[in-house]
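Below: the structure, in structure tokens.
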Amino acid sequence: MRVFVTGATGFIGSTLVKELLRAGHQVLGLARSDAGAASLLAAGAEVHRGDLEHPESLAEGAARSDGVIHCAFDHDFSRFAAHCEQDARAITALGAALAGTRRPLLITSGIGMGIPAPGRPATEDVFDAHAYPRRLTEVTAQAVAADGVNVTVVRLPQVHDATRHGLITFAIALAREKGVSAYVGDGGNRYSAAHLSDVARLYQLALENAEPGARYHAVAEEGVTFRAVAEAIGRGLGVPVVSIQPDEAAAHFGWLGMFVGMDLAATSDLTRERLGWRPTGPGLIADLDAHFGPG
């Protein structure tokens, strides 16, 4: 299959490209810079020039392919709502290029969309259309599906290796800056997580399965408490670990405050059953410890 991958030079996308190539697929990767194009060529992929600010460039890439995996997202979370709107425009453009065909379109969403009730883990069969900005991703996916597009949703937790850890990467930088590693309240809220290699494998399986309307959770660990995360950061940086009150979160964490107290636990039972996905990578705390190294 010739697969168009947006975000192909990013943290997840660059590993996904290699996974797809190993599986025998051809890859057409989106690149907005000469450096990105060079990295794709070095990996053995073809290059399609474009970016999220020009949705027509995404549609052109989709039209040249047998299937699409949309991983690109602008991770400047200080403008989160605006970038969710940008993502919706990208999905609309990709969908328009694939309408009326059976070619698969995999889009990327977040675990928060599957939470059935506070304190309960997110599940694949739930879509909670609350006011969270990322809801636009799945609402738009539903709209393009109604136009005859074969859409599958992959929901991501905190995706990590020993160098990067999703939102926790920003918490590490903040702890280094402020000299303390903080959590909110008792720190019992949970983050689901998965290793980068396992996430790339899940995208591949979801593409090859191409089940219209399916939702998959790339979750290896259902829930690691944020207190455990803060303790790992404190241990690694050699800084105190402190609790702050919920009404202090915005002042301490800035834009990260909207996420730090959230309970983002999730299951992947249905995903494992339907795709035969078996994550094997290191856990989140193990990768945090590896990030900081010995001593």
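The values are calculated or read from the model by the stated rules, or taken from the named source; none is laboratory data. Just so it is clear, the model here is predicted, and its values are computed rather than measured. Because the Cβ atoms are built from the backbone with ideal geometry, glycine has one as well, and the counts that use them run over all protein chains shown. Heads up: the accessible areas ignore ligands, DNA and RNA and are worked out on the full protein's heavy atoms, side chains in. Shrake-Rupley method; radii C 1.70, N 1.55, O 1.52, S 1.80 Å.
Against the conditions (1) under 21 Å from Met113 (Cβ atoms); (2) surrounded by fewer than 20 Cβ atoms within 10 Å (Cβ to Cβ); (3) under 19 Å from the mean Cα position of the chain (by Cα), Ser197 satisfies every one except (1). Which of the residues belonging to region 232-271 are of a type in the set (Ser, Thr, Tyr) and either at pLDDT below 95 or over 30 Å from Ala214 (Cα atoms) (or both)? Listed by number, the list holds a single entry, Ser243. Exactly one residue among Ala35, Ala90, Ala8 is closer than 24 Å to Leu196 by Cα, exposed (fewer than 15 other Cβ atoms within 10 Å of the Cβ) and of a type in the set (A, V, I, L, M), and that residue is Ala35.
More than 27 Å from His165 (Cα to Cα) and open to solvent by 30 Å² or more (accessible area, probe 1.4 Å): is that true of Glu19 in this structure? Steps first, please.
Values: more than 27 Å from His165 (Cα to Cα): no; open to solvent by 30 Å² or more (accessible area, probe 1.4 Å): yes.
Against the criterion (more than 27 Å from His165 (Cα to Cα) and open to solvent by 30 Å² or more (accessible area, probe 1.4 Å)), Glu19 does not qualify.
Taking the criterion of being without any contact (Cβ under 8 Å) to a residue 24 or more places away in the chain and of a type in the set (Val, Ile, Thr), the only residue of region 152-187 that qualifies is Thr169. Please indicate, with yes or no, whether at least one residue in region 239-248 is without any contact (Cβ under 8 Å) to a residue 60 or more places away in the chain, loosely packed, with under 15 Cβ neighbours inside 10 Å and at positive phi. No: zero hits. If you go through region 22-32 and keep only what is of a type in the set (A, V, I, L, M) and surrounded by fewer than 19 Cβ atoms within 10 Å (Cβ to Cβ), you end up with just Ala23.
Looking only at residues in region 38-47 that are in contact (Cβ under 8 Å) with a residue 12 or more places away in the chain and more than 22 Å from Arg164 (Cα to Cα), which one is surrounded by the fewest Cβ atoms within 10 Å (Cβ to Cβ)?
Once the filter is applied, the top-ranked residue is Gly44.
Could you tell me whether region 73-82 includes any residue that is under 30 Å from Arg22 (Cβ atoms), among the charged types (D, E, K, R) and touching a strand residue (DSSP E or B) at 6+ places or on another chain (Cβ under 9 Å)? No, region 73-82 has no match at all.
Residues in region 48-87 that are hydrophobic (A, V, I, L, M, F, W, C), over 16 Å from Leu105 (Cα atoms) and open to solvent by 40 Å² or more (accessible area, probe 1.4 Å): Ala81 alone. Of all the residues in region 226-238, those that are closer than 11 Å to Val184 by Cβ and either touching a Ser or Thr at 6+ places or on another chain (Cβ under 9 Å) or surrounded by fewer than 18 Cβ atoms within 10 Å (Cβ to Cβ) (or both) number 2. Which numbered condition in (1) more than 16 Å from the chain's Cα centre (by Cα); (2) outside any helix (DSSP H, G or I); (3) at pLDDT 95 or above is the only one that Thr101 fails? Failed condition: (3). Considering region 144-165, and only residues there that are open to solvent by 10 Å² or more (accessible area, probe 1.4 Å) and polar (S, T, N, Q), the residue that is farthest from Gly283 (Cα to Cα) turns out to be Thr163.
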